[in-house]
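Following: one structure in structure tokens, then a few remarks.
The values are calculated or read from the model by the stated rules, or taken from the named source; none is laboratory data. Every value quoted in this text rests on a predicted model; they were computed, and no experiment measured them. Every residue, glycine among them, receives a Cβ derived from its backbone with ideal geometry; neighbour counts consider all protein chains shown.
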Amino acid sequence: MKVLVPVKRVVDYNVKVRVKSDNTGVDIANVKMSMNPFDEIAVEEAVRLKEKGVATEVIAVSCGVQQCQETLRTAMAIGADRAILVQTDEELQPLAVAKLLKALVDKEQPGLVILGKQAIDDDCNQTGQMLAALADLPQATFASKVEVEAASGASAKGQAKVTREVDGGLETLEVSLPAVVTTDLRLNEPRYVTLPNIMKAKKKQLDTVKPEDLGVDVKPRLKTLKVTEPAKRGAGVKVPDVATLVQKLKTEAKVI
């Protein structure tokens, strides 16, 4: 069974982002970039499935600029067998990424697509759901535990049990494969990437394709009007008594 793992190149979570002076977006010049943490968890889970003998091949996929090759090399250092880069300089939005992934799903025919539930840069939380809809596949989102049973016969279909956290506790979903699963933070803890594995990753296959090769239009459909930093928090003040506190909450804060 093949496992397809989409990964995204984002600003490292330890970096404090800055808004551009013209408010058109976030300044990423000379900023450390890394793999989206949720996607890193997805790669780790796919590699664990391969180590259990459930999966036979793990394919990492990334969509974006040429520098995304570094992110794919990291995925292969974790344990992915090969990688595919859909290279484009266009601004990619969730729908465009989902269409690109759908084209790759049609081409590679994976038994499972596992990806992060959201990216830490735009927090859209849309790509996995859109991919499931476009490819007409079962989906299980926000997975905190994944158990996969591969098909035993030629005509049999595998199944996956996915445990997810909900407001009332835990919910377990059973989906038939192929399926789309999005990962939550509690699914696992990604392994440390060692230097020998980094060197091995350089020898692994990394293919590059263009969106037009897949017959997908990635033209943006949404336009960012303005990006601003959140308002700075005001300094705290001391009040002499409860009556003054209540008055300030009513007249100044206007919360009661």
From (1) more than 23 Å from R82 (Cβ to Cβ); (2) of a type in the set (K, R); (3) in contact with a Lys or Arg (Cβ under 9 Å, 6 or more places away or on another chain), pick out the condition that doesn't hold for K254. (3)
Residues satisfying the stated conditions in region 1-30, i.e. under 29 Å from L49 (Cα atoms) and surrounded by 13 or more Cβ atoms within 10 Å (Cβ to Cβ): M1, K2, V3, L4, V5, P6, V7, K8, R9, V10, V11, D12
Failed criterion for L245 (all others in (1) among the aliphatic types (A, V, I, L, M); (2) in a helix (DSSP H, G or I); (3) in contact (Cβ under 8 Å) with a residue 40 or more places away in the chain hold): (3)
Quick check on region 98-126: of everything there that is under 11 Å from the mean Cα position of the chain (by Cα) and touching a residue at least 60 places away in the same chain (Cβ under 8 Å), which residue is nearest to T224 (Cα to Cα)? D121
From V11, V31, which residue is over 19 Å from the mean Cα position of the chain (by Cα) and over 23 Å from M199 (Cα atoms)? V31
For E165, the lone unmet condition from (1) within 16 Å of F38 (Cβ to Cβ); (2) within 17 Å of the chain's Cα centre (by Cα) is (2)
Of the conditions (1) in contact (Cβ under 8 Å) with a residue 60 or more places away in the chain; (2) surrounded by 16 or more Cβ atoms within 10 Å (Cβ to Cβ), the single one that K210 does not satisfy is (2)
Counting only residues that are buried (at least 16 other Cβ atoms within 10 Å of the Cβ) and of a type in the set (D, E, K, R), region 122-167 contains a total of 2
Limited to region 178-198, what total is found for residues that are part of a helix (DSSP H, G or I) and either basic (K, R) or surrounded by 17 or more Cβ atoms within 10 Å (Cβ to Cβ) (or both)? 2
Does region 224-242 hold any residues that are closer than 30 Å to L92 by Cα and without any contact (Cβ under 8 Å) to a residue 24 or more places away in the chain, and which are they? L225, P230, A231
Restricted to region 201-234, and to residues that are within 24 Å of E70 (Cα to Cα) and of a type in the set (D, E), which residue is nearest to the chain's Cα centre (by Cα)? D207
Which one of these does V166 not meet: (1) closer than 30 Å to K145 by Cβ; (2) modelled with pLDDT of 90 or more? (2)
Among the residues of region 168-200, what is the count of those that are out of contact with any Leu (no Cβ under 8 Å at 6 or more places or on another chain) and either aliphatic (A, V, I, L, M) or within 25 Å of Q109 (Cα to Cα) (or both)? 12
Take T182 and tell me if it is β-branched (V, I, T) and within 30 Å of R18 (Cβ to Cβ). yes
